[in-house]
1. Residue by residue through the stretch A:245-302, note down the ones that are closer than 18 Å to A:ALA233 by Cα, polar (S, T, N, Q) and outside any helix (DSSP H, G or I).
2. Go through B:ARG198, B:ARG191 for me and flag whichever is within 10 Å of chain A (Cβ to nearest Cβ), closer than 24 Å to B:ILE150 by Cβ and surrounded by fewer than 21 Cβ atoms within 10 Å (Cβ to Cβ).
3. Listed residues B:LEU260, B:LEU214, B:LEU268; which is without any contact (Cβ under 8 Å) to a residue 12 or more places away in the chain and either in a helix (DSSP H, G or I) or more than 17 Å from the chain's Cα centre (by Cα) (or both)?
4. Can you tell me which residue in the stretch A:576-613 is modelled with the highest pLDDT, limited to those that are in a helix (DSSP H, G or I) and of a type in the set (Gly, Ala, Ser)?
5. Any residue that is in contact with a Lys or Arg (Cβ under 7 Å, 6 or more places away or on another chain), more than 10 Å from every other protein chain (Cβ to nearest Cβ) and either assigned to a loop (DSSP other than H, G, I, E, B) or of a type outside the set (Lys, Arg) (or both) - is there at least one of those in the stretch A:430-448?
6. Output the number of the condition that A:ARG66 fails; it satisfies all remaining conditions of (1) within 14 Å of chain B (Cβ to nearest Cβ); (2) over 28 Å from the mean Cα position of the chain (by Cα); (3) part of a helix (DSSP H, G or I).
7. Filter the stretch B:143-183 for residues that are among the basic types (Lys, Arg) and away from every other protein chain (no Cβ under 14 Å); which is nearest to B:ALA228 (Cα to Cα)?
8. Looking at the stretch A:408-415, can you tell me whether even one residue there is within 12 Å of chain B (Cβ to nearest Cβ), of a type outside the set (Gly, Ala, Ser) and either outside any strand (DSSP E or B) or closer than 23 Å to A:VAL587 by Cβ (or both)?
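The values are calculated or read from the model by the stated rules, or taken from the named source; none is laboratory data. It should be emphasised that the depicted structure is a prediction, and the values quoted were computed from it without experimental measurement. Counting neighbours? That spans all protein chains shown, and the Cβs are built from the backbone with ideal geometry, glycine included.
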Amino acid sequence: MSGAENAVLRVNDLSITYGHGDHAVHAVRNVTLSIAPGEAYGLIGESGSGKSTVAFSIMGHVVGGRVSSGSIQLDRRELLTMSPREWQDVRGNRIAMVYQDPMNALNPAFRLGAQVAETLIRHRGMSREDAWAKAVDLFRQVRLPDPEQLVNRYPHQISGGQQQRVVIAMAIACEAQLLIMDEPTTGLDITTEAHILELIADLRQRLGIAILFISHNLRVVAQVCDRVGVLYAGQMVEEGPADAVLQKARHPYTMGLNGSLLPISGEVRRLKPIAGRLPDLRQVPQGCIFAPRCAYATDQCRTMDPQIQVVGKRHVSRCMFSELVPPADRFIEMGSRHAPGDSVAPQLSVVDLDYSYARRGMPLPFLARKARAKALDRVTLAIRPGETLGIVGESGSGKSTLARCIAGLRSPDRGAVRLEGRRLEPLAGQRSREARQRVQIVFQNPDSSLNPLRTVGDIVGRPLGLYNVVPEEERRKRTIELLEMVNLEERYMTRYPRELSGGEKQRVNIARALGADPEIIICDEPTSALDISVQASVLNTLIDLRTQKDMAYVFITHDLGVVRYIADRVAVMYGGSVVETGRTDQVFSSPGHPYTEMLLNAIPDGTRGRKALLEVEDSRPKPIQGVGCVFADRCLQYRGRECDEVLPPVRLGQDGHMVNCHRALASA
Amino acid sequence: MTTLATDPQAARSSRILTYLRPAEIYVVFLLLLIAIGPYIAPYSAYDFDPASSLLKPSWAHPFGTDEFGRDVFSRILAGARPTLLPAFASAVLGIIAGTTTGLICGLMGGRTDQWIMRGMDVLLSFPALILAMLVVTMLGGSTTILVFAIALIFWPRSARLIRSAALDIGKREFIEACRARGEGMGYILFREMLPNLRSVVIVDLALRCSYAILLSASLAYLGMGAQAPTPAWGLMVKEGQQFIQFAPWLTIFPCLTVALVATGTVLLGENVRRRFAISQRLAR
């Protein structure tokens, strides 16, 4: 929308269409943006907003679609009319791309060094030796440990964060003018994300490279970018300086996005998600594209195309009433909640649970003797009636395994799950019907947790029949009631999962769990695959259900914002162990374990610039499970041999605050 | 967005569909042949007519006659039933056994899967024809035994195929949801998993049918299964072989029939597979 004279990239009036005739989807419509040298431009929007389509069109890939109008210029050279030969010089050389999934961007059959060297040999005409030497240098630049050794490794031998560093090294190898990053940190753990973001900021400073940064995470974008463009349904609705867009958004859609962001400090108040869903882009309606979901829409909005309005310094919004729309009141009061006190006996408890993977190998006894990786190590937890226990941790911390052990999908090596003090059989099939009915589970992946060949009515109605919750003739009525509880109408009964959006699928999942009339629902990352606006409304549904039915949740997530929003108590897991438990406010305000501190520190806070990260620089050997503290190799409070060799003691604080650490609790 | 982006591809495939439609008509024709073949045959398939033995193909006898003066065309029509019915029966039986085994392996995984599949490997290690001959020689050459022998050949092959597809389905969370609810094994296997594998099963069935036709013809040719005077196609080839130098029509026409029927069934399988591939892609 604004055009700097010397822009590196200038996208002008770009429109991209998929399909033909009546089925044509106008995925991107009249998008204009420009990026100055050295500038970081953030493009945000929900899935389906067209942000990746824009990115791929800049790389010259519009698969299955066509550019119906507009131009894309790199350094005043038109890209859209280039021949495939000319493109070869541009791709990877002048524009480089960092993809969301590093595992897909790296070829598993080649050594890491070879993949970086390939680009250099091709574009820079370097000799093999020079290219490999340069690869080592690049690995050093992206701060990979031990670059000389690492170039000889294969992608699967390094962690996800390191893989993404390699991809970044490949992208900066040819000193491209423009770096396109498509959700580069989305699949990564929060601490890893913080490091990659820090690296990006650092590279920008040193190399002066222009960046087009695509993300759905507003805080991440605000931390990296100077300017931000907000895409909605293929149209740019707001553009401006990053902090202005995040803090003083003028377009109702951006306000809605901001309103769906979970606060990481201050009072917890109810989120205000955006109602409705993305419009069907086969028939682009007249008037403002956001009008059907806009709380402020008037008749004028529905008939007239809104023009771009200047609302601040280099800040524009595609809303007729930018001046009139009140600054967003981000939250509604959250009803007061009385979490059960410590004196209440736990409803569900997990006692000394151990689970390891390696034993499930080949049926050859002598092979099974090798060291077992413990996914769960003496996990003990309790959930009181009507309480929400949040379980947080990075990937690999064992939180999903724990959920599956509680649900009876995995049989633990040792320890027990108890329901009201009674020990449950390890596997669901062996448990009593009553026990299975009382504990239900909602899975993470909305696409794989519903049978694609069953209608919503079948799916939700199944537990009713299985557990005989209501007599047969009332089942249909009850199914409709269940759907209504999760804010889905009766017409969804006959739909198939493929006809639903991610958020709707997750609602069906919740409705299915509710069908059993349970007392406890285990939620295994139920919102991590959803857009933030959808996440907000699903979380609100869960909170409302909790109030209505006095339900207890075991809520598993990697997102600290989500935990803070929904949980009464939190358990922090690391390396298969629970390292800290306590009341949510307690854990967030005075974390007792160094790992919790590190997690809290890693949350992007939406302010720009480099963040001082709490992470050890020197590498210590990985601790041996069951001998010392699991966190010893990454701990900032490392005390030497004590941490390596002695199991950390349990330290008790107030109100059931419990920390497994050699360091004494500050509050105790 | 992704669904619609693949639209042109779907359009292209539907063109292939219209192109392949004759395969379906062809199979309907085959079924008709089995049902009414013997009744529309111009001559009897069994009665001797020494006066017209070993006649060349002509308008009166389009495929010629054999050494006993029986009309080859009529015999082929009458032979559809004894050739195709056991073939289809054995394919269905083999697929049922294989699908059930494959589903169980896919759902259970781990040790159960390993043991069952090693057992299947033992069966697989016998060459198909030799295994069938072994069974027929050991248990006798009745049609029922023949059907079981061919089904036994198909069992491990089908199990392998279904298992690989079922492993993917078995890992999905909706199956885990079933287990957590405490659903019975039969419900999970046949109500939740099987519908998701129907395209694989149907395609496998069509391919096995064509293979079964070839196998039963081969066995008949080797003197197993159908016995004279049954006009089974494989048997006809065997009987005609001795006259191949001066009456080649006795072998050529039954051979051609077997080839055409087998190809037609394969085409149908391919056709069905494409159709499922499209509907599944749209379903994603």
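1. A:GLN283, A:GLN286
2. Every option except B:ARG198 fails the conditions.
3. B:LEU260
4. At the first step, the residues of the stretch A:576-613 found to be in a helix (DSSP H, G or I) are A:584-589, A:594-602.
If we keep only those that are of a type in the set (Gly, Ala, Ser) as well, we get A:589, A:602.
Values: A:SER589: 89, A:ALA602: 84.
My answer is A:SER589.
5. Checking the stretch A:430-448: not a single residue is in contact with a Lys or Arg (Cβ under 7 Å, 6 or more places away or on another chain), more than 10 Å from every other protein chain (Cβ to nearest Cβ) and either assigned to a loop (DSSP other than H, G, I, E, B) or of a type outside the set (Lys, Arg) (or both).
6. With respect to (1) within 14 Å of chain B (Cβ to nearest Cβ); (2) over 28 Å from the mean Cα position of the chain (by Cα); (3) part of a helix (DSSP H, G or I), A:ARG66 is out only on (3).
7. Within the stretch B:143-183, the first condition is being among the basic types (Lys, Arg), and the residues that meet it are B:157, B:160, B:163, B:171-172, B:179, B:181.
Filter once more, so that each one left must be away from every other protein chain (no Cβ under 14 Å): B:157, B:160, B:163.
On the way: B:ARG157: 32, B:ARG160: 37, B:ARG163: 40 Å.
My answer is B:ARG157.
8. Among the residues of the stretch A:408-415, at least one is within 12 Å of chain B (Cβ to nearest Cβ), of a type outside the set (Gly, Ala, Ser) and either outside any strand (DSSP E or B) or closer than 23 Å to A:VAL587 by Cβ (or both), which makes the answer yes.
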